[in-house]
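Undergrad: Sharing a structure, written as structure tokens. Questions coming.
Every number in this text was worked out from the coordinates using simple rules, so none of it is lab data. Only a predicted model underlies this, so the values are computations on that prediction, with no experimental measurement involved. Reconstructed Cβ throughout: ideal geometry from the backbone, glycine too, with neighbour counts over all protein chains shown.
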Amino acid sequence: MYQSRIEEFEEENTARRVFLSALVLAPFEVMLPDKASGGEFPPLSESDPMAKALGYTHISDTKEKTCVNCGLYQGETGDEWGRCSIFPNKMVNASGWCKSWIASTG
Ligand code: SF4
């Protein structure tokens, strides 16, 4: 009896976690491109206010720190443009850079 109560409690906790995760993640889904339909976001402009605030450029000053080797870059290897978690509705240049650059761990 004690064991079944623990299992019941764990099931309730799992269901609660899934529900809360869906609530937290749902607003972000509308920001993601629809890959199934081949949808992509437009390129980020260097004159975009947030891009300017973060010093974004399409071409980095150094090869050691570019979007393609940034931990926040989400593009595919070899693509000229890719998604970035800092600019969710735009594509950044793989050769670009901004002040939010962090080393990729992967
Ligand atoms: S955080 Fe900056 S450096 Fe990193 S991928 Fe995005 S735009 Fe490029």
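Undergrad: How about the stretch 36-78: which of its residues are acidic (Asp, Glu) and more than 17 Å from the chain's Cα centre (by Cα)?
TA: Result: GLU46, ASP48, ASP61, GLU64.
Undergrad: Another one. Hey, can you tell me all the residues within the stretch 58-103 that are more than 9 Å from the ligand (Cβ to nearest atom) and either free of Cβ contacts under 8 Å to residues at least 12 places away in the same chain or assigned to a loop (DSSP other than H, G, I, E, B) (or both)?
TA: Listed by number, the residues that qualify are HIS58, ILE59, ASP61, THR62, LYS63, GLU64, GLU76, THR77, GLY78, ASP79, GLU80, SER95.
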